[in-house]
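**Student:** Here's a structure for you.
The values are calculated or read from the model by the stated rules, or taken from the named source; none is laboratory data. Note that the structure is predicted; figures quoted are calculated from it, not measured. All Cβ positions, glycine included, derive from the backbone under ideal geometry; neighbour counts span all protein chains shown.
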Amino acid sequence: METAMIKPTNISQKSEERTAGSKDIKEKLIPHKSSGEQKSSLSGKSDIDKDKINKKLEVSNKEETETHKAKAETVKKLAEKIKNSKTLMIVSIKNLPSKQFQDIKKSLRGKAVVRVAKKNIMLRAIKKFGKESLLPLEKQIQENSAFVISDIEGFELAGILSKEKTPSSAKAGQIAPEDIEVKAGPTSLVPGPAISELGALGIQISIEEGKISIKAPKVIIKKGAEINESAASILQKLDIHPFNVGLEPIAIYDVQTEKIYSNIKIDSEETIEELKTAAGKALGFAQKIIYYCKDTIGYFLGKANSEEQALAKLKPKEEKVKEKEEPTTDISSEKSITDIEEEKNNKPISNKNLSDEKNSLGDESQDTKEEKEETDTNKLNPMEEK
């Protein structure tokens, strides 16, 4: 029985044969071009490419001119808006979410206009304004800056902006404006990974009624320090918002007086407390120098009354005795002479009084008798007198 021997075939050889066959088929189907035809086709392609490039350049030039015109128009409008207003304020919009920014713009309608533009356009608008007093503001303009233009006085406008701030959560990399403290008390956190996260920050905790409770307050980030990721995560879980985001005033330009004000800080609550402290000190000073006004007169009257009572207690006893001996000069309490005489006339006469009166009359009669006898003897003996 004869066996058929099968020769092994090389795969690469088969693939080469197939490619060679396909090339032959393409050569048969596609007609060959002459050298002149090839040159003409290349020149046609180059012309088409040139046309496309020229069209693109024309479009780009148009766009540039349009954008240049648009920028010039915005610069012109900004400069005119500043000239026709009372206050120009440069504010920072850094870390301000877009939703809150739109809410602030809506709340400022009728009071101020907020304009956000590129730094180059803002600088050009300042130069277009045409006053040297405004040029120092160029140093205050940053990438995240905006214009706030208004007819309201600058510091009043800054107070309005301070009221429009909203609480915001902390993010990693931000700088703490104040000491960030986690206060003691119950939380809504369930025991789990949060226990280790809180412990890593040095916060003492306990489990109460299936929830994490913080035993003692703890300052986890100090003022001026950078907030790390773990602290930011814990603050978000505890619903602590250490930041108040809004339009932060950087500088104010008074268009009428041409003055610039920087380092603006508006805190109404802190200002009220400072005014209360100053008023208390001023009141004490006014009382010390005996300054009379509606706020001090009550104090002085009360002090005078208390001093008068103290002096009355210190009077000597002799003066009190003299006051008792001296008759009172009150007209209402005194009895007139006529009243006393009427009382005597109306008073009933007693037996004792009658005897006293008889004795007095007898004495008077004896005296008269003696006087008569003396006169008689004088008449009888005139020579004796001589």
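**Student:** Would you confirm whether any residue within the stretch 203-220 is in the same structural domain as Lys81 (by TED's automatic domain parsing) and free of Cβ contacts under 8 Å to residues at least 40 places away in the same chain? Give the derivation first.
**Tutor:** First pass over the stretch 203-220, keeping only residues in the same structural domain as Lys81 (by TED's automatic domain parsing): none.
Looking through the stretch 203-220, none of the residues is in the same structural domain as Lys81 (by TED's automatic domain parsing) and free of Cβ contacts under 8 Å to residues at least 40 places away in the same chain.
**Student:** Further, regarding this structure: From the set of residues in the stretch 247-291 that are free of Cβ contacts under 8 Å to residues at least 24 places away in the same chain and of a type in the set (S, T, N, Q), which is farthest from Val114 (Cα to Cα)?
**Tutor:** Gln287
**Student:** Name the residues in the stretch 145-187 that are assigned to a loop (DSSP other than H, G, I, E, B), at pLDDT below 90 and either of a type in the set (Phe, Trp, Tyr) or within 30 Å of Lys86 (Cβ to Cβ) (or both), would you?
**Tutor:** Glu164, Lys165
**Student:** Still on this structure, I have one more. Can you go through Ile203, Ile195 and tell me which one is part of a loop (DSSP other than H, G, I, E, B) and either surrounded by 13 or more Cβ atoms within 10 Å (Cβ to Cβ) or modelled with pLDDT of 90 or more (or both)?
**Tutor:** Numbers: Ile195 fails: part of a loop (DSSP other than H, G, I, E, B).
On inspection, the qualifying residue turns out to be Ile203.
**Student:** Just checking, does the stretch 171-187 include any residue being touching a helix residue (DSSP H, G or I) at 6+ places or on another chain (Cβ under 6 Å), loosely packed, with under 14 Cβ neighbours inside 10 Å and of a type outside the set (D, E, K, R)?
**Tutor:** yes
**Student:** Checking Asn244 against (1) modelled with pLDDT of 90 or more; (2) surrounded by 11 or more Cβ atoms within 10 Å (Cβ to Cβ): exactly one of these is not met. Which one?
**Tutor:** Tallying (1) modelled with pLDDT of 90 or more; (2) surrounded by 11 or more Cβ atoms within 10 Å (Cβ to Cβ), Asn244 fails exactly one: (1).
**Student:** Another question, if that's okay. Within the stretch 86-124, count every residue that is polar (S, T, N, Q) and either part of a strand (DSSP E or B) or not assigned by TED's automatic domain parsing to the domain that holds Gln256 (or both).
**Tutor:** 2
**Student:** Would you check if there is a residue in the stretch 320-337 being modelled with pLDDT under 85, among the aliphatic types (A, V, I, L, M) and part of a helix (DSSP H, G or I)?
**Tutor:** yes
**Student:** Is it fair to say Lys265 is in a helix (DSSP H, G or I), exposed (fewer than 11 other Cβ atoms within 10 Å of the Cβ) and not β-branched (Val, Ile, Thr)?
**Tutor:** For Lys265, the condition - in a helix (DSSP H, G or I), exposed (fewer than 11 other Cβ atoms within 10 Å of the Cβ) and not β-branched (Val, Ile, Thr) - is not met.
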